[in-house]
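The values are calculated or read from the model by the stated rules, or taken from the named source; none is laboratory data. Given the structure is predicted, the values throughout are model-derived calculations rather than measurements. Heads up, the Cβs are rebuilt from the backbone with ideal geometry, glycines too, and the neighbour counts pull from every protein chain shown. We work out accessible area using only protein heavy atoms, side chains counted, and drop any ligands, DNA or RNA first. Shrake-Rupley method; radii C 1.70, N 1.55, O 1.52, S 1.80 Å.
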Amino acid sequence: MSENKPRFSIESFLSARVLLSPQLANDRVYFVSDLSGCMSIYSMKRSGSLPVPLLPSGLALQNPHLMAGYNYYVLPKLQKVLVMIDENGNENYQPCFVPIQGGSPEPIFGDRYKNEQVACIHCDAEKNVAYFFRDDRKTPNIECLKVDLKTLEITSLGTSIYGNYFNGANADNTKVILADTYTAADTVLYMWQSGWPERKLLYGIPLQERGDKKVEPSGIGTCGFVDNDTALLFRSNLFKDEGSLTYTPLSAPDEVVEVAVKGLRHTGMGELVDIEQVKNNRFIIEYNINGCSWVYEGDFRLGNGLPTFEITKTLVGLAPLSDGVVLGTHFKLEDKKEPSTADYVLAFTKANSPSQLYLLPHAGKEAIKLSEERVLGIEQRFLPEGEDASYTSFDGLRISARLYMPSRELGFEGPRPLILYVHGGPQSQERPDFTWFSMPLIQFLTLNGFAVFVPNVRGSTGYGLKFMKMVDRDWGGKDLQDQVEGLKMLEKDLRIDSSRRAVVGRSYGGYMTLMLASNNPELWKASCDMFGPYNLMTFLNRIPETWKTYFRLSIGDPEKDREFLKERSPITYLKNFRAPMLIVQGKNDPRVVLQESKDLVNDLRANNMEVELLVFEDEGHDVLKFKNKVTCYNKIVDFFKKHLEVT
């Protein structure tokens, strides 16, 4: 290696602040950022200005990536901001108000829902109506609450062990679509209407009525009311594996029709993500194509009985907003009666570029960049975009993957040691997103001389419904084989030293790390498990009560499927572990609790294994705070450098 090889600190790398979830209100842009070292809310003038904090210093919000719905919403008519606040990552969100200029948060429900999770799924700032997901943390029931934010009147829209999730509402909030979800994309719709004592089944066959009948997952997403509230528009998988727009009249909801989309600009492999209603028949639709975001504005039309959707504008996908991921899109109508006057604000990032805020005025053709976040002291030429490393797995299935190699200009010599990074989920996807924990880690590893392999194996989102559902009730099965096949492919790459390999993953990725380290111990010199399940039976018994129904359907039942879960648990292969292991855990994690990692540490030490445990006292199912990120990234990289002998 060259003596003049540049050296970089993680502090320099993290100098680029995260900018997420922007909103437009009045003449200001609101957004979530870690400007102070933890996630908080800021605002600045629409024309650009120094950001103003809205919350007291040190008060940390959850990462929007991990939340259903919003972690804040601006309410101009009430001159307030609605914000969800938990305690250092425990995810027991309490809705609070702060003045729109900023201030101390006040719980809007007092202690009524203390120690429960109450999250805002949708907010109508014009009508000051919000819909909340309520988990009492004691029972498996999930309740949907409709709240008048001005009077704080609460209307319960019912409970269900399968979700009863808010899925859409008409303009005056008198009709609401609710959804029960059994496993990923297996959704049944209900409707609630003002004056009704309870919800009524609208579309699909409830689980308890299916018997032995096989029901294909519908993949129904957010619903928008069209045609004067007589019909719905939504995304579904009823017609295409990759998803398509779907129309159904409320008078005959089983008569679903595929909606043709005209004017798309993208090509490639991917899927329709979801839709959002702007006003009346104008919508935003989002696609995930090869892991990158494409967002369009367009109009739904019902001409001659044939529904179509015509694109009016490409918001994301073309330069400069190309080859990356959108991290929140929000609109504001200049004329509240005219959908064509929508101004948009969004956050956008790439694999080697920090997130930035952009304004898209309805009257302008060019996106206006509102921020200039950058990594200090590290030139972008040192940060790889990644190269396609897709491969064919053991059964002929195509697996999309990317390989991040250290820049040649860094001066590293010889084949590079390899890190396998396993994403969480499992029904998720590793994308070119600089704001997510994984991408800075991947880039920091390459700066330190490692090659990083990132496959999206079966079960990942972004490649169609069938591909995503392959992991249901098969954790640690074919998904594990996909990982190993990818490593075999890379053994042919002369740039990589496959005799020096390590694996790291978070959540499900931590579980897969443990399965790979124990089932294929000969492959690894080191491993790093970040809050991954070690024993599926204890994991399934320790998760929140509201999670148990879903996971027992999608993974297995601890009582009925005991032998299967035992076979797919890393604890079963305890004596096979060989490589030194680093374990990272948040003390307040409600998903994979601290005891799960402690059990692993105790068992490994009892078997004289080299293991280190790093616990963050003020984190949950993530590592969010600046000081903790510095510690965590440095620890992982130093651990791998030591055991893979990188100097």
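Laid out as a table, the results:
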read-out: Enumeration of residues in segment 439-456 that are β-branched (V, I, T) and in a strand (DSSP E or B); value: V452, V454
read-out: Close pairs from segment 593-619: first more than 18 Å from R506 (Cβ to Cβ), partner β-branched (V, I, T) and not in a helix (DSSP H, G or I), Cβ under 9 Å, at least 6 apart; value: L604/I583; L604/V611; R605/V611
read-out: Tally of residues being closer than 16 Å to C120 by Cα and in contact with a Cys (Cβ under 9 Å, 6 or more places away or on another chain) across segment 29-66; value: 1
read-out: Near pairs, Cβ below 9 angstrom, 6+ apart or cross-chain, from segment 434-457 (on the phi > 0 side of the Ramachandran plot) to any residue that is basic (K, R) and open to solvent by 10 Å² or more (accessible area, probe 1.4 Å); value: G449/K5; G449/R416; G449/K641
read-out: So N628, is it under 21 Å from H65 (Cα atoms) and without any contact (Cβ under 8 Å) to a residue 40 or more places away in the chain; value: yes
read-out: Set T230, T267, T246: member being surrounded by fewer than 19 Cβ atoms within 10 Å (Cβ to Cβ) and within 24 Å of T329 (Cα to Cα); value: T267
read-out: Segments classed as strands (runs of 3 or more DSSP E), wholly inside segment 149-215, with at least 1 members that are among the basic types (K, R) and crowded, with 16+ Cβ neighbours inside 10 Å; value: 175-181
read-out: Unique residue being surrounded by 15 or more Cβ atoms within 10 Å (Cβ to Cβ) and over 21 Å from L376 (Cα atoms) when the list is P56, P51, P105; value: P105
read-out: Condition check for L490: out of contact with any strand residue (DSSP E or B) (no Cβ under 7 Å at 6 or more places or on another chain), closer than 14 Å to P417 by Cα and open to solvent by less than 20 Å² (accessible area, probe 1.4 Å); value: no
read-out: Whichever residue in segment 284-342 is closer than 26 Å to A389 by Cα and among the small types (G, A, S) and, among such residues, is surrounded by the fewest Cβ atoms within 10 Å (Cβ to Cβ); value: A319
read-out: Matching residues, segment 619-640, being basic (K, R) and surrounded by fewer than 15 Cβ atoms within 10 Å (Cβ to Cβ); value: K627
read-out: Total residues in segment 320-347, condition of a type outside the set (V, I, T) and over 22 Å from G462 (Cβ atoms); value: 15
read-out: Any hit, segment 25-39, residues being over 19 Å from the mean Cα position of the chain (by Cα), open to solvent by less than 50 Å² (accessible area, probe 1.4 Å), in contact (Cβ under 8 Å) with a residue 40 or more places away in the chain and more than 17 Å from K80 (Cα to Cα); value: yes
read-out: Set F616, F551, F564: member being open to solvent by less than 20 Å² (accessible area, probe 1.4 Å) and within 30 Å of the chain's Cα centre (by Cα); value: F616
read-out: Residue ID - nearest to L333 (Cα to Cα), chosen from residues in segment 361-411 that are open to solvent by 40 Å² or more (accessible area, probe 1.4 Å), small (G, A, S) and without any contact (Cβ under 8 Å) to a residue 60 or more places away in the chain; value: A363
read-out: Residue satisfying all of: in segment 232-247; free of Cβ contacts under 8 Å to residues at least 60 places away in the same chain and in a strand (DSSP E or B); farthest from D299 (Cα to Cα) among these; value: S236
read-out: Odd one out for S438, checked against (1) open to solvent by 10 Å² or more (accessible area, probe 1.4 Å); (2) modelled with pLDDT under 95; (3) within 16 Å of V325 (Cα to Cα); value: (1)
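Residue-by-condition table, conditions (1) touching a Phe, Trp or Tyr at 6+ places or on another chain (Cβ under 6 Å); (2) within 17 Å of D589 (Cα to Cα); (3) at pLDDT below 95:
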site: L50; (1), (2), (3): no, no, yes
site: L54; (1), (2), (3): no, no, no
site: L59; (1), (2), (3): no, no, yes
site: N63; (1), (2), (3): no, yes, yes
site: G69; (1), (2), (3): no, no, yes
site: Q79; (1), (2), (3): no, no, no
site: E87; (1), (2), (3): no, yes, yes
